[in-house]
1. Of B:Leu223, B:Leu216, which residue is part of a helix (DSSP H, G or I), more than 10 Å from chain A (Cβ to nearest Cβ), modelled with pLDDT under 95 and buried (at least 21 other Cβ atoms within 10 Å of the Cβ)?
2. Give A:Ser205, A:Ser155 a once-over and let me know the one that is in a helix (DSSP H, G or I) and more than 10 Å from chain B (Cβ to nearest Cβ).
3. Out of A:Gly122, A:Gly76, A:Gly110, A:Gly88, which single residue is closer than 30 Å to A:Asp178 by Cβ and more than 12 Å from chain B (Cβ to nearest Cβ)?
4. Sort through B:Leu284, B:Leu290 and tell me the only one that's without any contact (Cβ under 8 Å) to a residue 12 or more places away in the chain, part of a helix (DSSP H, G or I) and within 11 Å of chain A (Cβ to nearest Cβ).
5. All but one of (1) away from every other protein chain (no Cβ under 11 Å); (2) free of Cβ contacts under 8 Å to residues at least 24 places away in the same chain; (3) of a type in the set (Val, Ile, Thr) hold for B:Thr307; state the number of the condition that does not hold.
6. Which residues, taken from segment A:99-135, are in contact (Cβ under 8 Å) with a residue 60 or more places away in the chain and touching a Leu at 6+ places or on another chain (Cβ under 6 Å)?
7. Take the conditions assigned to a helix (DSSP H, G or I), at pLDDT below 90 and out of contact with any Ser or Thr (no Cβ under 6 Å at 6 or more places or on another chain) and apply them to B:Ser230. Does it pass?
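The values are calculated or read from the model by the stated rules, or taken from the named source; none is laboratory data. This is a predicted model, so every value here is computed, not measured. Neighbour counts are summed over all protein chains in view; Cβ atoms, including those assigned to glycine, are modelled from backbone coordinates with ideal geometry.
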Amino acid sequence: MSALAISQRPAISRQLARLPGWTVLVVWTAAVLLPLYILIVSCFKTTAEIYDNRLGLPQSFALDNFINAWTRADLGQNFINSLIVTGGAVILTIVVSAMAAYPLSRYKLGWNAIMLGLFLSGIMLPIRLASVELFTLMRNLGLLDSLTGLILVYSAIRIPFAVFIFANFMRVLPSELDEAARMDGAGEVRILFQIILPMVKPAVSIVAIFTAIAVWNDFFFPLIFIFDDRYKTVPLAISVFVGQFRTDWGLVFASLAISMAPILIMYCLLARQIREGVGTGGGMK
Amino acid sequence: MSTLRRTSSLRRTQQRMAVLFTLPALAVYALFVLYPLGMSLWGSFFVWKGLRMVEFAGLSNFSRLFVFPSGARLYGALWHNTAWFFGIMLFQNGIGLLFAWLLFLRDRGAAFFQSVFFFPAVLSPVIVGALWRLLLAPGGVVEWALNGLGLHQGSLTVLGNSHTALAMLIAVDAWNWMGLPVLIYTAGLRQISGQIFEAAKLDGAGNARMLFSIALPLLMPALGTLTTLSFINTFNQFDIVYVMQGVQGNPSYSTDTLVTYFYRLAFGAEGAVGITDIGLALALGTVLFLILSIGTLMMLRFFDRRTVQL
């Protein structure tokens, strides 16, 4: 309860005073939910029905648009690609960032501050501007047109944020934790993965969620690095698809619905962690 | 003596482990972020043939960038990004503050509204752009609704009109990210002690007075975070423009941004299709890098100084 909710005014006038505020909030809720509602009902309509029946429920819940989107645009393959890239980048980012953050936040070594600064500066670096050199580098390494290449680039981009979050969470753990383990003869690798990492689970989920969202949604790097249809990710496929079938609205709406389904489900399950993560961890995107 | 030896041997182990543990992250980060970025800045001083550096050219790429014909594109894009930034500050971060304040006042239902407002932010800007392109298209549902309400007549061409297209993209972007300021401001408001508001209330301050005279000065760190983030995001704007208006920033470059212009120079489609101008692209990249880093540092400094300590 916030302090302001306490008031001495009588109940009815208190409710009335709240009316304008409520209205504003409800209007924006509608502005968010209506487009999504239209998106979902339009998936089941033919283009003609989309014109005739704008807001109503579809006459029949035909799945034609979904089947066409899945098969004609080969969204299934794009889905698998996006899953591989997102999963790979999340795991790689978490492992290497936790490893780097551990000594930087818990050992008392002279160069820790400099190393942390080097990593943290990456949070602001506009990597898109380096995409020409990155393209040449990827070509020389044979990483163009490959999911491995995307995983490496995304991890590199997300490492600064992940090191920042891990270091912040690890710094405040009591030093007795690792000292006691060291007395018992545990190695540093074991201390990190069996003692420290389980203690910073909230950091792991913040890093995992925000890396997954950023990587799943990214469009820029697949656009430059992927040419072969077999390796296209969902956002890239969608951008092509929207241009190709621009007059078949039912089909385009269905492809949009399919591509946002995993994020929608994840969001419904993790809304609370995401809200708190943004509140504590700061920005994403 | 033995403790001393143990400490120094622990120190050596730690030094060795620190190097081993930091190396993988550092290697990936240095190879795919620091190295290409450094090379891009360096490369902006060279003449390029295709993807090959030919000879040192001093500032000639930069002087080409600022004069006709590229100058017109550069200043156009710069203006669009600037307008975009102020539009987002006003319509996203400003209205977001109002929403956060309203949610803070009532408290009940806050989690629900925050979740709904934030939902578009987890969607790909490509999906958001494609969705709004369909909704705003001639014959789309927005046209139908406006015609039905008598607010507009005939075909809705806001995305095809060079006077309105940019404003529409800014609005879609604000719709996409509105949940971010709401969450960050709410987190900031929760950190302010309730006693301060209680005291102000006893002194007879109304809600508006409390928002502007008490909450806002104490929200400087949140405002700083949002301003800096919005600045970085605005000057990196690409996806929404690409999906809604094409890589040329249609109609007639009226929604062109610095990154869409950079993309055309670097990967083709500026001038004759498929022709690239790497030297010019890297010079633009360097200018954009300077704008972003100087701007960000100035903003961080500005908001750091204005942070009120209690």
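1. B:Leu223
2. Being in a helix (DSSP H, G or I) and more than 10 Å from chain B (Cβ to nearest Cβ) holds for just one of A:Ser205, A:Ser155, which is A:Ser205.
3. A:Gly88
4. The unique qualifying residue is B:Leu290.
5. Failed condition: (2).
6. A:Tyr102, A:Leu104
7. no
To keep it simple, each residue is scored yes or no on (1) farther than 23 Å from A:Phe161 by Cβ; (2) within 10 Å of another protein chain (Cβ to nearest Cβ); (3) touching a Gly at 6+ places or on another chain (Cβ under 6 Å); (4) not in a helix (DSSP H, G or I).
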residue	(1), (2), (3), (4)
B:Ala18	no, yes, no, no
B:Leu23	no, yes, no, no
B:Leu26	no, yes, no, no
B:Ala30	no, yes, no, no
B:Leu34	no, yes, no, no
B:Trp42	yes, yes, no, no
B:Glu55	yes, no, no, yes
B:Gly58	yes, no, no, yes
B:Asn61	yes, no, yes, no
